[in-house]
Each structure stands twice: as C-alpha cells, then as structure tokens.
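Everything below concerns the one structure shown next.
The values are calculated or read from the model by the stated rules, or taken from the named source; none is laboratory data. Treat the numbers as computed from the prediction; the structure is a model and nothing was measured. Glycine also receives a Cβ, built like all others from the backbone with ideal geometry; neighbour counts cover every protein chain displayed.
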Amino acid sequence: MTLKIYADRMSQPSRAVIIFCKVNGIEFEEIKLDIAKRQHHSSEFKEINPFRQVPAIVDGRFKLFESHAILRYLACAFPGVADHWYPADLFKRAKIESVLDWHHSNLRRGAAAYVLHSTLAPALGLKKNPQAAAEGEKILSASLEQIESIWLKGNGRFLLGSFKPSIADLSLVCELMQLEVVDEKDRDRILGPHKKVKQWIEDTNQATRPHFDEVHAVLFKLKAKLQLQKQQMLEANNKIEYGTKTVLPSKM
Ligand SMILES: N[C@@H](CCC(=O)N[C@@H](CS)C(=O)NCC(=O)O)C(=O)O
C-alpha cells in the first residue's frame with residue numbers, strides 16, 4: 001500500500017515531509033488539503049488527525065501526525081534512507097532530537113507568528129496584526145542568533161557541525177523559507193545580519209536538489225503575486241496623486 005501524505009505545500013512542516021520523501025526515493029501519494037479553503041476540517045481528515053493540522057500520514061493501517069514524529073518514523077521505516085538523516089548512533093540522534101524540540105518553542109513560534117501577522121493573515125480571512133508581528137519578529141531574530149552561535153557551530157555546513165543534513169536541517173530550513181513571502185526589505189532586515197544562516201539555507205537547498213525548489217515553488221509563486229499586487233497599488237496611488245495635482249487650480 002502506498003504511503004499517503006496529507007499536506008498543504010504552503011505549510012512548512014508539510015514541505016519538510018514531502019522533500020524528505022522525494023530526496024530518499026520514498027514513494028507516496030500526496031493528498032492536497034488547502035488550509036485557506038478549510039479542507040483540513042473535513043470529517044474524513046479528523047479521523048486521521050483529530051487536531052486537524054497538516055502534515056499527517058497514513059501508512060497502511062498506521063496513522064501519524066506531527067511532522068517531527070513523521071520524519072523520524074519515515075527515516076526508520078523505509079529502507080534506503082541514508083544514515084545522516086537520522087543517525088543510528090544514539091548520541092548523534094539525541095542531539096538531533098534536542099534541535100527538533102528547540103525548534104517548536106523558538107524558531108517556529110517566532111517565524112510562523114511573524115509571517116502570519118505581517119503578511120498571510122488576509123489570505124486566511126484575518127486582519128494583519130502589527131503588534132503580534134513585532135513580537136514574532138523578536139522571537140525569530142533571537143532564534144536566528146541562537147542558530148548561528150549554538151547550532152551552526154563547528155566545521156560542517158549543517159546543524160551540529162555535521163557535513164551532511166539531518167531531519168533537523170530540513171525542518172528548520174523549511175520553517176525559514178516562509179520568509180520568502182514577506183516584503184523584500186523586511187526579509188533583508190531580519191535575515192541580513194545572519195550570513196551563516198543564509199549560507200546554511202543555500203547548502204540545504206543544494207543538498208536536496210531539485211526537490212527543494214520544486215516543493216517550494218508554491219511560495220515563489222505567492223511571492224511574485226504579492227509583489228505584483230504591491231506594484232499595482234503603488235501605481236494606483238501615484239495615479240490618484242497625479243490626477244489630484246492636475247485638477248488643482250493654477251496659482252499663477
Ligand atoms: N507541530 C505540528 C504543526 C502543524 C501545523 O501547525 N500545521 C498548520 C500548517 S503549517 C496547520 O495545519 N494549520 C491549520 C490549522 O491549525 O487550522 C507539526 O510539526 O506537524
């Protein structure tokens with residue numbers, strides 16, 4: 001029976017699970033649930049994940065949700081997954097668990113809140129919330145600083161000084177990729193001071209090519225759409241201003 005992945009590619013943990021399967025040649029059927037259309041609220045999906053969140057998987061009779069648990073399960077259940085993704089060595093594995101646990105209460109808390117409240121809220125029928133966005137940015141920036149000074153220490157290009165990526169690299173980098181959709185200058189302000197983080201994102205992309213860009217295409221498309229909308233709004237505002245000026249009576 002083929003593995004089923006319930007996912008929305010706009011969701012960062014969904015992308016991590018899909019990329020992991022593609023990179024490791026794990027066959028799967030992707031069942032797309034559009035969160036913006038509340039497709040994850042169906043009674044069928046509630047049977048798979050009572051918390052109604054993506055990603056979730058069904059492997060035969062076995063159902064599982066929570067992306068980190070899914071990544072661990074896939075790494076152990078499917079033969080042919082290279083050891084560096086989730087090493088058999090207990091000490092190495094425990095260190096990866098440590099990063100994954102840290103991720104949820106730090107980087108994810110900051111990044112998800114910042115992107116939702118600064119950018120994505122209207123697409124989900126919510127109002128933007130500048131105060132919540134500022135709080136998210138504070139946690140995000142502190143997390144980026146900690147990634148650079150703690151997790152990216154060492155000789156390797158990946159977390160924990162490794163020379164090859166693990167499921168933790170994939171999970172954390174997919175989290176950061178959502179910053180693609182925020183305004184370019186805000187993204188530069190947040191990521192700009194963190195050169196090591198930027199290089200690590202690029203290295204993880206390289207290590208999982210071509211699947212990384214293919215699975216993130218949905219974000220690049222949304223980014224282009226938001227940039228176009230911003231451009232059109234600026235042009236419309238300029239037109240209004242210009243039109244107003246032309247109808248003003250001359251003082252001569
Ligand atoms: N801790 C969960 C987080 C899952 C999660 O937050 N999923 C979001 C998309 S990124 C979702 O399904 N949101 C819909 C909702 O909560 O209604 C994991 O790592 O899988």
| request: For region 160-171, name all the residues that are under 17 Å from the mean Cα position of the chain (by Cα) and either at pLDDT below 95 or closer than 15 Å to residue 94 by Cβ (or both). | output: 166, 167, 168
| Out of all the residues in region 5-12, is one or more within 21 Å of residue 207 (Cβ to Cβ), touching a Leu at 6+ places or on another chain (Cβ under 9 Å), modelled with pLDDT of 95 or more and in a helix (DSSP H, G or I)? | yes
| field | Unmet criterion (only one of (1) surrounded by fewer than 13 Cβ atoms within 10 Å (Cβ to Cβ); (2) on the phi < 0 side of the Ramachandran plot; (3) within 16 Å of the ligand (Cβ to nearest atom)) for residue 125 | value | (2)
| message | Can you tell me which residue is surrounded by the fewest Cβ atoms within 10 Å (Cβ to Cβ) among those in region 66-110 that are outside any loop (DSSP other than H, G, I, E, B), among the small types (Gly, Ala, Ser) and over 19 Å from the mean Cα position of the chain (by Cα)? | response | 94
| request: Of all residues in region 197-220, count the ones that are without any contact (Cβ under 8 Å) to a residue 12 or more places away in the chain and not in a helix (DSSP H, G or I). | output: 2
| message | Just the residues that are in contact (Cβ under 8 Å) with a residue 12 or more places away in the chain, surrounded by 14 or more Cβ atoms within 10 Å (Cβ to Cβ) and over 11 Å from residue 109 (Cα atoms), please, taken from region 142-157. | response | 144, 146, 147, 148, 151, 152, 157
| Which listed residue, of 31, 35, 57, is among the β-branched types (Val, Ile, Thr), closer than 17 Å to residue 12 by Cβ, touching a residue at least 24 places away in the same chain (Cβ under 8 Å) and surrounded by fewer than 20 Cβ atoms within 10 Å (Cβ to Cβ) | 35
| request: Quick one: count up the residues across region 60-77 that are in contact (Cβ under 8 Å) with a residue 24 or more places away in the chain, of a type in the set (Gly, Ala, Ser) and within 13 Å of the ligand (Cβ to nearest atom). | output: 1
